[in-house]
Amino acid sequence: MSLPEKRLIIVGGKGGVGKSVIAAAVALLAARQGKKTLLLGVDTLDRFDALLGYQGEEKSLKIVEDNLYSTILNPKSVANDFIETHVPIRTLSKKIANSGLFKYWFEATPMLSELLMLGKIWKLVTETKRRSAEPVWDCIVVEAPATGHSLGLLGASETAAQLLVGPMRSKADEITAMLRDPELCNLIITTLAEEMPVAEALELQKLATQKLGMTIGAIVINAIYPKILQDKDADALSAVSKEAYPEGLSDALENAVQYSTERRARAEHFRDVIRNETQHCVELPFLLSEKFGREQIEELADLLSKPGSGRVV
Amino acid sequence: MSLEQLLGHGEVLVVCGSGGVGKTTISASLALKAAQLGRKVAVCTIDPARRLADSLGIVIEGTDLVQVKDAGVVDGQDSGGEMTALMLDTKRTFDKLVEKYAPSEEMVQTIFGNALYQRISSQVSGTQEYMALEKLYELHGTGHYDLIILDTPPTRHALDFLTAPERMARVLDSSSLQWILNPSSSAGKMSFKLIKTGFRKVAHKLDEIFGMKVFNDLIEFFRAFDGMYDGFKDRSAAVKTLLQNKGSFVVATSPEQNPLDEAAYLMSQLNNFRMPLKALVINRYHHSVLNEQSQRPFAEEKAQESDAIGRCFKALLAYDDLGRGDRQRTQAALAKHGKDLDYYWVPRFSQDVSDLAGLRRVTSRMMLGDNHGPH
């Protein structure tokens, strides 16, 4: 299975598990497969520049390289869009958008910003080229907000449909259908092999499939601590003479071996929890590097491109 | 002033930082230290997942206040300190504020029944931050606690929580809204009229889409808050004064790039707001252990071998690399804003911090201070 095989890929998971890293790696992979790809952050900080080693103009739609574009959607940008659509005079719409009152009021209207953000994604997914019925974007990779917020986001169209009437209702239904279409849209859940991220990932899997009717493309276990040591290595270490070692090294070595063993054991435990819960588990190693940027994203994209990636880690 | 002195003598401590850095754990372990120093401390967290409660091994039902058993006990000796953990209930805190400032019981009921209020008081971002500070002020006012520690919400816009009361008060200032609410107002200027029309247009569009009465709710909401504005404004000024005079800020971060960038930004913002930033806690760092002169070269040579000992040295190098990366990133990111600050380091433990014993471990490592950080 190749990860970026659907047109709309939504990357979710707990805060701090590396959603933007995984989203960037999946998008890079898709672009390399020749797909015109959009990497879209929903209400997130824009870290894509740093991750993809891109430096260019501050534009709303950034061209990272051939086939790869990135942009950020947030409540403010969709609110401004909304006002501009209904109040076409620019100076006026700006004044309204900038009033503190409008901000609160906009946020206070149930699900409005979520719905508008979903609507924007829907528009991007269904947009076709001028002269053919082909979609503008072959692949859209969405970095969703952290778990609680992404459930709010992804469920907005369905909940809203109950309140809406007329054309808005059919639009909401179309959005829901898009999210539920397994041929079009997949949810990739990102987690770490740690207790709380795993608990949240499984919760997200359950709610997204049962409540939202979405299809899970994969659960990506990110940053699994590598197996550096074999089982008997620690024993071999205690048997060997350390007289010739520089001072202090013996203790440091023992601590590092203990740390490595324990951390690996814990990672394996939580990895197995995920393996038992899903057929579609993708495992990525902890990259033992001091920096994190383009080079590491490329490494992860390579790993993602290999079938059964990560089972070795 | 060292962190220990702050915990021993301070009245209000605010812990801030980006999401996912273990802010709640740091807040709880700071509270634990204060209790160990013999103080009555309350730690207030905003936590739908109730992680703090989990990390203390407590399951709570139907209450937002928990006394942590034996928090003040150190090595079998009871210091007499007490630690109380609270979960912030945003809506209830807001309700209380309304009850305090509304001129009549009838008005209280009107506000509680307003659809816009129901939404704003529970779900709008910004309200949570506002209510966190309100709760802090309220707790401080009770006089029940020597020290209050606030675990701030994981807000995307770093210091929203500091400006939240002011912004909220501004929104509630109905005098600035007369031109929208009162169509016959002779505000006069053409542009005002246009804005008014535009605003109504957007509002009516929303009404149309949602089949609701957004605009009517809005008018009712502001009419109801009319007259309460001064109370809210005074209150938000008092909160700010409390923070500036009696508060200390601790920034929590982890040694990864993103949280560090946010921490640096947060530190500069705290400076701008003239808020007393006192300490920096770097959570979950990898301890860098090898010196450059002899240990590192020796380990690198040994790691070349493919036997068991070689692998052990590989594990050591891998661990050391992590520590080096953590140290370099942290120094580079924070050098600019953290010159005169005390640094406190909490290592990444091989086990999750999930009970009081784990919290005690965090506390004792953290209090060792900068000398025990990565070198």
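Every number in this text was worked out from the coordinates using simple rules, so none of it is lab data. The shown structure was predicted, so the numbers you read here are calculated from the model rather than taken from an experiment. For neighbour counting, all protein chains shown are included, and Cβ atoms are generated from backbone atoms with ideal geometry for every residue, glycine included.
Structure data summary
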read-out	value
Entries of A:Lys103/B:Lys40; A:Lys35/A:Lys94; B:Lys69/B:Lys339; B:Lys233/B:Lys278; A:Lys6/A:Lys171 with Cα pairs more than 31 Å apart	A:Lys103/B:Lys40; A:Lys35/A:Lys94; B:Lys69/B:Lys339
Aspartates and glutamates with Cα under 14 Å of A:Lys206, excluding same-chain neighbours fewer than 8 positions away	A:Glu277
Inter-chain shielding of B:314-325 (mean C-beta neighbours from other protein chains, 10 Å cut-off)	6
Degrees, to the nearest 10: A:147-163 long Cα axis against longest axis of chain A	30 degrees
Number of partner chain Cβ atoms within 10 Å, mean per residue of A:190-201	1
Over 25 Å between alpha carbons, listed pairs A:Lys211/B:Lys201; A:Lys19/A:Lys59; A:Lys76/B:Lys201; B:Lys23/B:Lys240	A:Lys211/B:Lys201
Among A:Pro88, A:Pro246, A:Pro145, residue whose mean-square fluctuation peaks in a GNM of chain A (springs only between Cα atoms under 10 Å)	A:Pro246
Candidate aspartates and glutamates for bridging to A:Lys95, where Cα separation is under 19 Å - those fewer than 8 sequence places away on the same chain excluded	A:Asp81, A:Glu84, A:Glu107, B:Asp173
Whichever lysines have a C-alpha closer than 29 Å to that of A:Lys242, once near sequence neighbours (fewer than 8 apart) are set aside	A:Lys227, A:Lys232, B:Lys302, B:Lys314
Tensor-based shape of segment A:107-220 (alpha-carbon gyration tensor, a/c under 1.5 rounded, otherwise prolate or oblate)	oblate
Spin-label pair A:Ile89/A:Asp235, simplified geometry with 7 Å Cα→Cβ offset, distance in nm	8.5 nm
B:His144 paired with A:Asp46, simple spin-label distance in nm, labels 7 Å along Cα-to-beta-carbon	4.7 nm
Angle between chain A longest axis and helix A:112-126 axis [Cα atoms, degrees, rounded to 10]	90 degrees
GNM top mover of A:Arg180, A:Arg47, A:Arg90 - chain A, alpha-carbon springs below 10 Å	A:Arg90
Chain A: angle of helix A:249-277 to the longest principal axis, Cα-based, in degrees nearest 10	50 degrees
Efficiency of FRET between A:Arg294 and A:Glu134 - r from beta-carbon atoms, R0 35 angstrom, step 0.05	0.70
For B:Tyr285, distant residues with modelled amide H under 5 Å away	B:Val346, B:Arg348
Chain A - mean residue ellipticity at 222 nm from DSSP helices (-39,500 (n - 2.57) per run, n ≥ 4, rounded to 500)	-16500 deg cm²/dmol
In sequence order, calculated HN-Hα J values of segment A:212-227 (Karplus, 6.51, -1.76, 1.60; Hz; x Gly/Pro)	9, x, 8, 9, 8, x, 5, 9, 9, 8, 8, 6, 6, 4, x, 8
